[in-house]
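The values are calculated or read from the model by the stated rules, or taken from the named source; none is laboratory data. For clarity, every value in this text was computed on a predicted model and none was experimentally measured. Using ideal geometry, Cβ is built from the backbone for each residue, glycine included, and neighbour counts are taken over all protein chains shown.
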Amino acid sequence: MSFIYNIIESVLPFAWADYKFMKNALLAIVIIAPLMGVLGTMAVNNKMAFFSDALGHSALTGVALGILLGIKNEMISLVAFGVLSALLITRVKNKGNASSDTVISVFSSVAIAVGLLVLSYGGGFSKYSAYLVGDILSVTPSEILCLFITLIIVLVIWAFIYNKLLLISINKELAASRGVKTVLYENVFSVVVAVVVMLSIKSVGILLINSLLILPAATARNIAKNSRTYLALSVVTSLVCGVGGLITSFYVDTSAGASIVMALALVFFVTYIVRKK
Amino acid sequence: MSSENGCGLCKISVKDIGVKKGKDVLLSSVSFELFCGQLTALIGVNGAGKTTLLKSILNEIKHDGTVLFESHHGEKIENITIGYVPQHLDFDRSAPISVEDFMLIGRTSSPVCFKKDKKQSKAIDEALSMVGCLELKQKTLGMLSGGEIQRVMLASALYPLPELLILDEPVSGVDAKGSEKFYEVISDLKKNYHIAIAMVSHDFGIVKEYADNVILINKSVLKSGSVDDVFSSSEFKESFFYGLD
């Protein structure tokens, strides 16, 4: 780790880079941002903005469940419940009823309520409020390592499922007629998104995680004309705004997550105005 | 059925297709043969089971019966390659997916957003030229007209080259010029490739002009044969012009 710290210090001779927590936060965001940028492209293509929002909310119940079940590492219950929710929401979404968004919305509210109920029992919610707004400055080297391994695994899975997902995003029936197992691929993707969202939630926060997933891709979509520029722009937007927001937050003394999302929103609106005709 | 087929050597046998939904019988023992180099039109009134039949052939729904390919060596293959052009592609027109991306999806297993290799790119050029859409290669799918989309869909359905091509009212809602261009391509295909074509259509004018054979169905095969045979049959009149005399 100190090797990487040294590199950061020599490459980035700025005041903020002197702090260990900033170096950790920088490493975390350099991993999380591209991950979200990549996954976001498909999430937006497949109209999953609502899905990931509900997924983020379910994190609170995930933490609560972990406490109820006496699991020491809350990450385990968080990821497990996230995966379960993702599969459930995907199933409801695929039922295709007009009411599926209502059902997802109800699920999302219940997940928040149950989480709050359990975590606030006895008046001790404040120690969990970090989950709401996130705290990227407290990310630890082992968490960074975990995120890095996730990045590698996700990129490998991504390469395998990309074409299938793209075809599904164009038209599900067409994909099925070409022999694509649509349910399987959608589920794999939902699970991947769930794992990434849950692992990043401690750093980014329940309230902001969805913007990190959706905004870079939505921005790229404003300008991109083909799948390559779409992906590239999404990743670049995510990285630039992620790092930019983090550094800004250091100097202006604001929440890192909020600064990152503000940067993303700014770029989104600019591209929205100048978007392709 | 008429035995005058384009190559006269290969055929696709659809045998005893039956589909039930609950108590309702949607199709019962539908059998027919599709010949290489020929366009067979499937016609029938609304609710006759045309789409159900296509879905059975595509193996998208549970059904009885088999679809078998018999080559001229007498070789029988059960898993044939089927190309499918749906009636109307319902998709998000703002999606940043280019025609090139779309064409590549079925051809490569590496993500289509990566750099394309030259061989693939050339093959796509050829496929798009065949349907007269080469100049659309770099365009976003959402920018194409209805007729252009159908031709791009056709081009992508032809890789890998299928034994059977299924068209489900391929140009309904496309303007006359677009429709004509589409059928020009289909006629070319018939002439130059070893491929059987099945098409669902409501447009008897088009059926008359382009189809070699016609199969009239309503839950089962009512009548099949040449266009003239079927169109002059009593079954045809009863199906479409009942009580109109």
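Annotation note: of B:Ser109, B:Ser129, B:Ser145, the sole residue that is surrounded by fewer than 15 Cβ atoms within 10 Å (Cβ to Cβ), under 23 Å from A:Asn46 (Cα atoms) and more than 13 Å from chain A (Cβ to nearest Cβ) is B:Ser145. The listed residues are A:Ile104, A:Ile71, and the only one of them that is outside any helix (DSSP H, G or I), modelled with pLDDT under 90 and surrounded by 14 or more Cβ atoms within 10 Å (Cβ to Cβ) turns out to be A:Ile71. Can we say B:Asp101 is touching a Gly at 6+ places or on another chain (Cβ under 8 Å), acidic (Asp, Glu) and at pLDDT 85 or above? Taking the combined requirement at face value, the residue does not satisfy it. For region B:119-142, a residue qualifies if it is at negative phi and touching a residue at least 40 places away in the same chain (Cβ under 8 Å), and the qualifying residues are B:Met130, B:Val131, B:Gln138, B:Lys139, B:Thr140, B:Leu141, B:Gly142. State whether one or more residues within region A:1-13 are outside any helix (DSSP H, G or I), within 22 Å of A:Asp135 (Cα to Cα) and touching a helix residue (DSSP H, G or I) at 6+ places or on another chain (Cβ under 8 Å). Yes, the conditions are met somewhere in region A:1-13.
Would you say B:Gly44 is crowded, with 20+ Cβ neighbours inside 10 Å and under 18 Å from the mean Cα position of the chain (by Cα)? Answer is yes for this residue. Scanning region B:164-194 for residues that are of a type in the set (A, V, I, L, M, F, W, C), surrounded by 23 or more Cβ atoms within 10 Å (Cβ to Cβ) and in a loop (DSSP other than H, G, I, E, B) returns a single hit, B:Val171. Filtering region A:197-230 to residues that are hydrophobic (A, V, I, L, M, F, W, C) and closer than 22 Å to A:Ile149 by Cβ leaves A:Val197, A:Met198, A:Leu199, A:Ile201, A:Val204, A:Ile209, A:Leu212, A:Leu213. Of all the numbered requirements in (1) within 12 Å of another protein chain (Cβ to nearest Cβ); (2) surrounded by 20 or more Cβ atoms within 10 Å (Cβ to Cβ), A:Ser249 misses one, and that requirement is (1). The numbered conditions (1) in a helix (DSSP H, G or I); (2) of a type in the set (A, V, I, L, M); (3) within 21 Å of B:Pro111 (Cα to Cα) are all true for A:Leu215 except (3). Only one of the listed residues (A:Glu173, A:Glu143) is within 17 Å of A:Asn24 (Cα to Cα), in a helix (DSSP H, G or I) and over 14 Å from the mean Cα position of the chain (by Cα). That residue is A:Glu143. Do the conditions hold for A:Asn187, that is, is it touching a helix residue (DSSP H, G or I) at 6+ places or on another chain (Cβ under 9 Å), at the interface with chain B (Cβ under 9 Å from one of its Cβ atoms) and of a type in the set (S, T, N, Q)? So A:Asn187 does not fit the description; no. For A:Ala111, the criteria (1) more than 27 Å from B:Ile105 (Cβ to Cβ); (2) within 18 Å of the chain's Cα centre (by Cα); (3) not in a helix (DSSP H, G or I) hold in every case but one, which is (3). Within region B:70-93, the residues that satisfy the criterion of being within 9 Å of chain A (Cβ to nearest Cβ), surrounded by 15 or more Cβ atoms within 10 Å (Cβ to Cβ) and out of contact with any strand residue (DSSP E or B) (no Cβ under 7 Å at 6 or more places or on another chain) are B:Leu89, B:Phe91, B:Asp92.
Take the residues of region B:148-161 that are more than 12 Å from chain A (Cβ to nearest Cβ) and aliphatic (A, V, I, L, M): which is nearest to B:Ser121 (Cα to Cα)? Taking the candidates together, the pick is B:Ala155. Scanning region A:232-246 for residues that are surrounded by fewer than 24 Cβ atoms within 10 Å (Cβ to Cβ) and closer than 23 Å to B:Ile105 by Cα gives A:Ala232, A:Leu233, A:Val235.
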